[in-house]
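Trainee: Pasting in a structure now, in structure tokens, and then I'll have a few things to ask.
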Amino acid sequence: MFDFAVVGAGIGGSVVSSILNHLGYNVVLFEKLDYLCGCAGTFKRKGYYFNVGAATFVGLDGNLPLAKLKHILNLDFPVVKIDPSLKIYIKNKIINRYQDKDMAFEEIQKAFYDKNNKKFWNTIYTTSDIIWQTLYDFLPQDSHLPSMKLILKAFKNIDKIVKIAPNFFKNAKTYALQTLYNLDKDYERFLSYHTLITAQGFLDEVNVGVASLGLTYPNLDNYYVLGGMDKACEVFVKNLKHVFRKTLVKKIKHYEDKFILETTAGEFEAKNVILNKTIFDMFELFDDPYIKEFSFKSQKTFTKKWGAFTMYFMVDDVFDEGFEYHHFILLDEEIPFTKSKSIFLSISAKEDTLLSTEGKRSITISTHSDIDSWFDLDKEEYKRRKKVVEEFILKKLYEYIPIFKDVKLYNVESGTPLTFRRYTSRYMGAVGGIPVISEYFFKYPRPITPKKGIYVVGDTVFPGQGWPGVSLGAINLVQLIDRGFKI
């Protein structure tokens, strides 16, 4: 019998399996796909490889979760450091998001001059820095209500907390309007789409604390993962003895002191189960009424969700060595059927022998998308909408990054929330987790479920997305399970 059965090898499942294995627990990991990392994985299509989404690998230095885990678990990732982490296009402006804060500020000041920019960004940087300095002191966290232990931890960090407390819970857009002289539509869009890609909420939906993490992620150490994003998950699970790929968990039943997992590879017994699955559809694996109630209540509470529209294709390699890995185009108009005004493009590295092959480079394009636009359509209307969005995105790509007009596109494919639902089984094809917006801030689900021995990890529990947020959520869960685990 296993100590823990982990269902799903996304970021959360891979990380939590690795930590528990390191602590001496007997762990089995199941993944229904033939690759790891889920929405942050890498897949093969018609002989070529593509990263599923625009996920960036962030934070192998300093106080970031991956840096902590790299040291504790003795991990070595196949990465190339990238700087600038992001190149942003908005109208006739181009803003490079450098890691160096002074260089980054000069780019912003040049594009959006404001006498109070320094004051605004100092608040953002200070808030972000202090959050990462103190965050681990407040773990583990499994309740929305303040406890005496939490209050004592706050007093321990009181000197830092008083620096950020006055603005932390303020609405981020309100604070920007109060601080800056000229927050025009372009500048607001620049700020707002940073918070959207990191917290799934626009500037007017998040507080200053959350906004600070989103606005400063390009200033953290960012990396390109050679061989595809799934290689990062492969590093985490390399020491696990029991990893079942292409194995679907069909049902989980509870018998006294153990759980029975019915899978396409047979039955497995475990004392505990960790689901790297959304809280909205975890009920599908159980007959337990408490789990079902937990899931259904979550569906009703957290109604705001984002999906993604993605495009994949190969292009002839006509790019010089300095061509950036990540490009972010911010538009005046919405992309049809998405309610989004942004296009995120990632290109494979020249030296990546898996994604860049035969003189071609692999391209992944993604944008946030409204979910309802893609369900309950007949086949012809679904195909029509996909074609409209593809043509719109390529038109804007050629306009903002003209070099793409001169290259041939091979094997153009696109995906919608329906596609994500089919391949990743995520509820309604929603990606990026529950928005870390103010109305959800003190309601955010924790990884403990009403059923003893059943836990959840991933971007719908613990407020955080992407590699830093989901890894932190995995750390939090392990500390709840094993109080001896320290970061």
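Trainee: In deg cm²/dmol and to the nearest 500, what is the mean residue ellipticity at 222 nm of the chain if only DSSP H runs of at least 4 residues count, each as -39500 (n - 2.57), divided by the residue total?
Mentor: -11000 deg cm²/dmol
Trainee: Right, next: Which order do the peptides 184-194, 466-476 take when ranked by the mean count of other beta-carbon atoms within 10 Å per residue, highest first?
Mentor: So the order, starting with the most tightly packed, is 466-476, 184-194.
Trainee: Which entry is the computed log10 I(q)/I(0) by the Debye sum over Cα atoms at q = 0.11, 0.12, 0.14 Å⁻¹ for this structure: [x] -0.92, -1.11, -1.54; [y] -0.98, -1.09, -1.31; [z] -0.97, -1.19, -1.71?
Mentor: Read-out taken from this structure: [x].
Trainee: Which whole-angstrom value gives the distance between the alpha carbon centres of the stretch 157-202 and the stretch 262-299?
Mentor: 37 Å
Trainee: Under unit Cβ charges (Lys, Arg +1; Asp, Glu -1), what dipole magnitude, rounded to 20 debye, does the stretch 117-219 have relative to its Cα centre?
Mentor: 280 debye
Trainee: Also, I was wondering about something else. Taking 10 °C and 1.306 mPa s as the conditions, I'd like the Stokes-Einstein D for the stretch 173-298 in µm²/s, using the Kirkwood hydrodynamic radius from alpha carbon pairs.
Mentor: Estimated via Stokes-Einstein, D reaches 84 µm²/s.
Trainee: What ranking do R45, R97 get, fewest neighbouring Cβ atoms within 10 angstrom at the top?
Mentor: Fewest to most other Cβ atoms nearby, the residues stand as R45, R97.
Trainee: Please identify the trypsin sites (Lys or Arg not before Pro) of the stretch 236-298 that satisfy two criteria: DSSP loop assignment and at most 16 other Cβ atoms within 10 Å. Which are they?
Mentor: Of the trypsin sites (Lys or Arg not before Pro), the ones in loops of the stretch 236-298 whose Cβ has at most 16 other Cβ atoms within 10 Å are K238, K241, R245, K246.
Trainee: May I pose another question? From the C-alpha gyration tensor of the stretch 117-219, pull out the three semi-axes of the equivalent ellipsoid (sqrt of 5λ each), sorted largest to smallest, in whole Å.
Mentor: 26, 14, 12
Trainee: Right, next: List the GluC sites (Glu not before Pro) within the stretch 250-300 that fall in a DSSP loop (any state other than H, G, I, E or B) and whose Cβ has at most 14 other Cβ atoms within 10 Å.
Mentor: For GluC sites (Glu not before Pro) across the stretch 250-300 that sit outside H, G, I, E and B with at most 14 neighbouring Cβ atoms in 10 Å, the list reads E256.
Trainee: Using the structure shown, select from K292/K387; K110/K396; K68/K339; K101/K395; K238/K304; K185/K379 the pairs with a Cα to Cα distance greater than 30 angstrom.
Mentor: Pairs exceeding the cut-off: K292/K387; K68/K339; K101/K395; K238/K304; K185/K379.
Trainee: Now a separate question. Which of the chymotrypsin sites (Phe, Trp or Tyr not before Pro) found in the stretch 281-365 are in a DSSP loop and have at most 16 neighbouring Cβ atoms, other than their own, within 10 Å?
Mentor: Answer by residue number: F319, F323.
Trainee: Normalised by the residues of the chain, what does the relative contact order come to in percent, with Cα pairs under 8 Å and at least six apart?
Mentor: Rounded, it is 23 percent for the chain.
Trainee: Sticking with this one: Quick one: what do you get for the stretch 1-93 if you divide its Cα Rg by 2.2 N^0.38 Å?
Mentor: 1.35
Trainee: Mind jotting down the distance between the C-alpha centroids of the stretch 1-28 and the stretch 215-258, whole Å?
Mentor: Comparing the Cα centres of the stretch 215-258 and the stretch 1-28, I get a distance of 9 Å.
Trainee: Through the Karplus equation 6.51 cos²θ - 1.76 cosθ + 1.60, θ set to phi - 60°, convert the phi angles of the stretch 399-408 into ³J(HN,Hα) values in whole Hz; use x for Gly and Pro.
Mentor: Values per residue, Gly and Pro as x: 6, 8, 10, x, 4, 6, 5, 9, 10, 7 Hz.
Trainee: If we count other beta carbons within 10 Å of each Cβ, what is the order of I274, I481, fewest first?
Mentor: Starting with the residue having the fewest Cβ neighbours, the order is I481, I274.
Values quoted throughout were computed directly from the atomic coordinates according to the rules given, and no laboratory measurement underlies them. Computed from a predicted structure; not experimentally measured. Glycine gets a Cβ as well: all are built from the backbone with ideal geometry, and neighbour counts include every protein chain shown.
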